[in-house]
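Heads up, the thing below is written out as structure tokens.
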Amino acid sequence: MRVKALWHERYGEPRDVLRLVDHPPEPPGPGEVVVRMEAAAMHIADVRTVQGTLGLMKPLPRAPGYEGVGRIARVGAGVSAWREGDRVFPPIASGTFREEVRVPAERVLPAPEGDAAQLAFLTVNPPTAHCLLEDFVPLAAGDWLVQNCANSNVGRYLIVLARLRGVRTVNVVRRAESVQELVALGGDVVLVDGPDLADRVAAAT
């Protein structure tokens, strides 16, 4: 049996520097599990890491991939919390662009059943949106929250999470074609950025 991995050995454009390789499956060491990946998310951070953007560089060679979801395929000695077949989220930045990833058992998180393609996006952007909503200032139902780059993935999660709490959102975007999409998602006010933005926010709220 061989397992495939997307392999990164030098920095540059992904189409130029990434290659698909196959290798023997790895046995888990003590305290480790091997996760058979079902789906992996691709973020702009994955692209920037492969390009070698300052602050995102990683030791090479490596498999890229910040997040994903899979099922435990093999369990190492001393691991009692997990069994083969358990669905889990591997640790962030564990190199999920491969069929199997070997990780410390204590760092995986339980994953629910459901669409793997959707679950693969659950461990980076949704917690970021949750932290933005919960960790900076106390917000009560009826309060207003203003966010920039509102059509980003984090921004979209924030709109939905805020609406569940009754917090109203002003969502700033750069392109007019993004407005109706975010209104349909639940954004209370969606405005295109511009020199009179502050006045339009004041009028809308």
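The values are calculated or read from the model by the stated rules, or taken from the named source; none is laboratory data. These numbers come from a predicted model, not from an experiment. In this analysis, Cβ positions are derived from the backbone assuming ideal geometry, glycine residues included, and neighbour counts consider all displayed protein chains. The accessibility values were calculated without ligands, DNA or RNA, using every heavy atom of the protein model including side chains. Shrake-Rupley method; radii C 1.70, N 1.55, O 1.52, S 1.80 Å.
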Contact order relative to length of the stretch 61-205, as percent, for alpha carbon pairs under 8 angstrom and 6 or more apart: 16 percent
Extent along principal axes [Cα atoms of the stretch 62-172; Å; largest to smallest]: 51, 27, 24
Label-to-label distance, nm, for residues given as LYS58 and ARG36 (7 Å Cα→Cβ offset): 2.3 nm
Average accessible surface area per residue within the chain, 1.4 Å rolling probe, Å²: 54 Å²
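Once the Cα gyration tensor of the chain is diagonalised, what are the square roots of 5 times its eigenvalues, in whole Å and ordered largest first, as equivalent ellipsoid semi-axes?
With the √(5λ) rule applied to the chain, the semi-axes are 38, 21, 13 Å.
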J(HN,Hα) series, the stretch 67-80, from Karplus relation 6.51 cos²θ - 1.76 cosθ + 1.60, nearest Hz, glycine and proline x: 8, x, 9, x, 10, 5, 9, 9, 10, x, 4, x, 9, 10
Phi-based couplings in Hz for the stretch 99-108 (Karplus 6.51, -1.76, 1.60; Gly and Pro marked x): 6, 9, 10, 9, 9, x, 4, 6, 9, 7
Surface/4 of the Cα convex hull for the stretch 1-120, nm²: 7.4 nm²
With every protein chain in place, the chain: carbon and sulfur % of accessible area (1.4 Å): 56 percent
5 angstrom amide H check on GLU67, placed H, neighbours 5+ away: ALA41, ALA93, THR96
